[in-house]
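Every number in this text was worked out from the coordinates using simple rules, so none of it is lab data. Predicted, not measured: the structure shown is a model, and the values here were computed from it. Here the Cβ positions follow ideal geometry from the backbone for every residue, glycine too, while neighbour counts run over all protein chains shown.
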Amino acid sequence: MYQTIENIIETEIRPQLQAHGGDIELLGVSDDGKVRVRLIGECATCPASHLTLENLIEAVLKEKVPGVTEISVTQSVSDELIQDALRLLRKGVSPG
């Protein structure tokens, strides 16, 4: 099931997210059909990300992959944001 979900993300979901400056990472799929993803880029901080989850990610995966029962989004700070913060700290730039 993991590979099927990865393929659908790659061909159907990711292009739509990338068109808006975002992306998605598949973190895992449990035996009972629970899928964990991480939204990246603009999607990670978008106030409408719950709509993206419901209307795009969840809808497509549940339609195309029998057995998918739930989609959950893991929220985290992107590696890119951490690297930007570290560069600023090393330069002695104060925020704001």
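Brief remarks follow.
- The ranking of I13, I40 from fewest to most other beta carbons within 10 Å of each one's beta carbon is I40, I13.
- Phi angles across the stretch 30-47 convert, under the Karplus curve 6.51 cos²θ - 1.76 cosθ + 1.60 with θ = phi - 60°, into 3J(HN,Hα) values of 8, 4, 8, x, 8, 10, 10, 10, 10, 8, 10, x, 4, 5, 5, 10, 6, x Hz, Gly and Pro given as x.
- S30, S49 arranged by Cβ crowding within 10 Å, fewest neighbours leading: S30, S49
- C-alpha long axis of helix 79-91 to longest principal axis of the chain, angle in °: 0
- Contact order relative to length of the chain, as percent, for alpha carbon pairs under 8 angstrom and 6 or more apart: 26
- Charge dipole (the chain, unit charges on Cβ, about Cα centre) - positive-most of L26, L86, L56: L86
- The chain - convex hull of the alpha-carbon atoms, volume per residue in Å³: 103
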